[in-house]
């Protein structure tokens, strides 16, 4: 297990690049650090690798303190965003480079390089130069160069960011399968939430030097713990109002929306977040209520959140239509509706009722700069 204990980092005049971050990463886990640029995720990874020194805090691998050990002596290897392959060396020589530095004997070196290249499916390319490789091949060579050293933890700093979308999706699958075959710990830095959700056993969401939440992808998506996580992870619609108690807010029109967390400070500006797939729409036709979504008659339930809105825009996205609803002045909510549920003919400009359960509603006070 890797234990990060109260790690902080200051860079000259820039204080609190990391703010007393503590974290446990389990052996054999695919763990992702997710967050926007400048949140501290790469700084934390570089501290783990030994390329940066923490201002305060400690780092342990199992029971051994490793932040006092030189980078080359730590049982970790790092794959960088820029693969940094040596252009004058063949694929084989690039992968073997670290072993030569360590003066591994020739026979063992050949066996280990062959095994590493076979793991990434590129042994047949061993005599090629980096300039002749595709982006995906270069990325796999960088991986092979790291795993040939048999690290206990592989540190990956946005290694897929230079690839086009199709190759990136392919390499996500390859990377996850490689980690499962190796059975070692991967710590993966990314700003791409879909990538983190697809790859990870657990995710740590970072913001402004803080670790906001650590959870499985499912927990993170279904139960965000902070305003930032709700805003950043996955697609959310939101509406603002004033908190009236610890788990509800009042819209400017006087309507009250209830949520499933009791963490709101009354009297302050608050924001309710709802996943668009959890929103059900209805419209009134002569004497009856026609429903889209899955046809649930939420309007007969107790305590269900309902807001009136106007359809401002809709777009066909293949598996669903995405509708944007205007909820009062300067407020928007989103809903996803399967094509077969659009038979009631909701159109742009129509007034609809959006219904969603308090269980699926997450209300947080807005950060001071957003209030």
### Message
Can you give me the C-alpha center-to-center distance between the range 169-219 and the range 317-335, rounded to a whole angstrom?
### Response
29
### Query
Considering only the chain, what is the antiparallel percent among its DSSP beta bridges, to the nearest 5?
75
### Query
Tell me, what is the FRET efficiency for residue 330 and residue 88 to the nearest 0.05, using R0 = 56 angstrom and their Cβ-Cβ distance as r?
0.45
### Task
Give me the angle, in degrees from 0 to 90, between the Cα long axis of helix 135-147 and the longest principal axis of the Cα atoms of the chain, rounded to the nearest 10.
60
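Which of the three applies to the range 145-210, rounded, prolate or oblate, going by the alpha-carbon gyration tensor with a ≥ b ≥ c and a/c under 1.5 meaning rounded?
Numbers: a/c = 1.67, a/b = 1.16, b/c = 1.44.
Here the range 145-210 falls in the oblate category.
Assuming 0.36 nm per residue, please report the length gained on full extension of the stretch residue 218 to residue 80 beyond their Cα-Cα distance.
Details: separation 138, 0.36 × 138 = 49.68 nm, distance 2.78 nm.
Net length gain for the segment: 46.9 nm.
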### Message
So if each residue of separation counts as 0.36 nm, and I subtract the Cα-Cα distance between residue 134 and residue 350, what length gain in nm does that give?
### Response
72.7 nm
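How do 140, 223, 103, 275 line up, fewest other C-beta atoms within 10 Å first?
Working: 140 26, 223 15, 103 7, 275 20.
Result, fewest neighbours first: 103, 223, 275, 140.
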## Note on the structure
Checked against the structure, the computed Rg and Dmax of the Cα atoms in Å among [x] 20.8, 77; [y] 25.1, 85; [z] 22.6, 70 is the one labelled [y]
#### Entry: Residues 188, 31, 80 arranged by fewest to most Cβ contacts within 10 Å
80, 31, 188
### Query
By count of other Cβ within 10 Å, fewest leading, how are 212, 277 ordered?
277, 212
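Pull out the extension gain between residue 110 and residue 24, defined as 0.36 nm times the separation in residues minus the alpha carbon to alpha carbon distance; nm, one decimal.
27.4 nm
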#### Entry: Acute angle (nearest 10 degrees) that the helix 106-119 long axis makes with the longest principal axis of the chain, alpha-carbon atoms
20
### Task
Would you work out if the range 1-82 is rounded, prolate or oblate? Take a ≥ b ≥ c from the square roots of the eigenvalues of the alpha-carbon gyration tensor; rounded if a/c is under 1.5, else prolate when a/b is larger than b/c, oblate otherwise.
rounded
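Listed highest first by mean packing, meaning other Cβ atoms within 10 Å per residue, what order do 231-241, 127-137 come in? Could you put the intermediate results ahead of the total?
Working: 231-241: 20.1, 127-137: 14.1.
Highest-to-lowest ranking by the protection proxy: 231-241, 127-137.
FYI, it's all coordinate maths here, none of it is from the lab. Given the structure is predicted, the values throughout are model-derived calculations rather than measurements. All Cβ positions, even for glycine, are placed from backbone atoms using ideal geometry, and neighbour counts span all protein chains on display.
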